[in-house]
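The values are calculated or read from the model by the stated rules, or taken from the named source; none is laboratory data. A quick note: this is a predicted structure, and the numbers were derived from the prediction, not measured. Please note: Cβ atoms are built from the backbone with ideal geometry, for glycine as well, and neighbour counts cover all protein chains shown. SASA here: full protein model, heavy atoms, side chains in, ligands and nucleic acids out. Shrake-Rupley method; radii C 1.70, N 1.55, O 1.52, S 1.80 Å.
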Amino acid sequence: MTDAPNLVGLLPETYPSQAELQDRGLGALLGLAVGNLLGLPVEGWSRDAIARHYPEGVVDIDPMERNRAMDDDLAQAVELGEALLDGGDYIGGLAQRLVRWRRENGRGIGHTTWQVIDLLEGGYAPPEAGRMVYHRLDGIAPNGGLMRCVPVALARYSNPALLVGDSAATCTVTHYAPLCQWSCIIANVTVAMLLRGAQPLALDLADAAVADGTPTEVRDWLVEIGDDIGDLQLDSGLIGHTLLCLQSGIWALGTPLGFQDALVTVVSAGGDTDTNGAVAGAILGARYGIQSIPKRWLDCVPQRERLENLAGGLLVLPD
C-alpha cells in the first residue's frame, strides 16, 4: 500500500501561516494526550454505567496523571514521533523503541502489540512480526495502530506520498491488518487537511478511500456517522475495533460542539474510551487548535514540554 491518490487529492493546495500550523499541530498532539487521559478511568465501561457514575459526563482528568508513566496511546505516539525525528530507518527505529518501551513502561499495552513485541524482541523485523500475529489472531483489526498514528500527519502533512506510505508502514510494525492501515491513512489525511486549513467531510473521505481501494465496509462505517454519537454504539461488542475507533474520530470532525464538549461526549459514550478519546482528541485539536484545550486538562499531561518540543520538531521536519 503505497499511494491513495483520491484521498490525498482532497488536500488543499494552500497552506496556513506558520503560527496557525503550529497551533493546530500542537493541538493535535496535546489533544491526543488529554483524550487518552480523560478516558482512562472509564475504559471498557458501558455508556449507561458512565452515566450512572458521572451524570454530567467525564469532565476531569486525575491531576496525578502528570506524575505517572504515559499510557500506551500517548506513549506509543511519542515513540513514533521521536522515531520519525531520528530519521534513517524510522520503521526499524520504532520497533526498537516499542521493545524498550514495554520493558521500561508498558502501561496499558494491548494484546496484539504485546505479541508483536515478543517477536520483535526475538529477532523478527517489521512488518513480518506484525504480519505473523495478524494471521495468528485470525485477521483481527484492533485500534492499536490508529491510536498512535497522528505524528505521521504532523511530519508529512506537506508530502502526500510519505503521508500515505508512512501511515501504512508505521501501522504495520504492530498492526498488519489492511483495515488498520486504512484507518491510519484516513485519520492522517484528515489531520493533514485540518493542518492545512481544510474542513474534511466524512462522505468525501469515504468515497475517496473506496476509490483508492479500501474495502467497501470502511465506507459503510463512515457514512453511518450522524449527529447522535449514541448511534455508533461505541460500547458494543466490537470495543477495540479500528473502524469503531475511526468512527469516533470522524464524528468529532463533523460535530458542531467545541473541543471540550465534543471530547466529553466521545468519552462518555463508553467503550474503549481512552483510545477513542485519543483519536477524537487529536482530530479535535487539529480542528480547533491548542487554545481550545482546557488549561485544567493540559496541566495534567505528563512530560508536556517533551510533547511540545516533539510537535514543533515534526512540523518542520524536511520531506
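A few points about this structure:
- Phi angles across segment 111-119 convert, under the Karplus curve 6.51 cos²θ - 1.76 cosθ + 1.60 with θ = phi - 60°, into 3J(HN,Hα) values of 4, 5, 4, 4, 5, 5, 5, 4, 5 Hz, Gly and Pro given as x.
- Accessible area of residue 124 in the full protein assembly, 1.4 Å probe (Å², nearest 10): 110 Å²
- Here each label is just a point 7 Å from Cα along the line to Cβ, and for residue 15 and residue 220 those points are 4.1 nm apart.
- A convex hull fitted to the Cα coordinates of segment 1-80 yields 197 cubic angstrom per residue.
- From the C-alpha gyration tensor of segment 113-165, square roots of 5λ in Å: 25, 13, 10
- Computed from phi, the 3J(HN,Hα) profile of segment 159-169 under the Karplus parametrisation 6.51, -1.76, 1.60 (θ = phi - 60°) reads 10, x, 5, 5, 4, 6, x, 6, 4, 6, 5 Hz, with x in place of Gly and Pro.
- Considered as an equivalent ellipsoid built on the Cα gyration tensor, segment 206-262 has semi-axes of 20, 15, 9 Å, the largest given first.
- The Kirkwood radius of segment 159-214, taken over pairs of alpha-carbon atoms, gives through the Stokes-Einstein law at 10 °C and 1.306 mPa s a diffusion coefficient of 138 µm² s⁻¹.
- Descending principal axes extents, segment 111-203, alpha-carbon based, whole Å: 43, 25, 17
- Alpha carbon centroid spacing (whole Å) that separates segment 226-246 from segment 92-128: 27 Å
- Per-residue accessible area (protein heavy atoms, 1.4 Å probe) orders 239, 50 as 239, 50, starting from the largest.
- Surface listing: 167, 17 arranged by accessible area from highest to lowest gives 17, 167, probe 1.4 Å.
- Estimated at the nearest 10 Å², the accessible area of residue 14 is 90 Å² with a 1.4 Å probe.
- Accessible area (Å², per residue) of the chain, counting only protein heavy atoms and a probe of 1.4 Å: 38 Å²
- Cα-only Debye scattering, segment 50-120: base-10 log of I(q)/I(0) at q = 0.12, 0.22, 0.28 Å⁻¹: -0.44, -0.95, -1.24
- For the residues 68, 287, a 1.4 Å probe over the protein chains yields an accessible-area ranking, largest first, of 68, 287.
- Within the accessible area of the chain (1.4 Å probe), percent carbon and sulfur: 50 percent
- Taking the three principal axes of the alpha carbon atoms in segment 78-152, the coordinate ranges are 34, 25, 22 Å, sorted in descending order.
- Convex hull volume of the Cα atoms of segment 13-58, normalised per residue: 111 Å³.
- Spherically averaged projected area of the convex hull of Cα atoms, the chain: 14.2 nm².
- Computed over segment 1-135, the Cα gyration tensor eigenvalues convert (square root of 5λ each) into semi-axes of 28, 25, 16 Å, ordered from largest to smallest.
- Rg and Dmax of segment 176-319, based on Cα coordinates, read 15.2, 43 Å.
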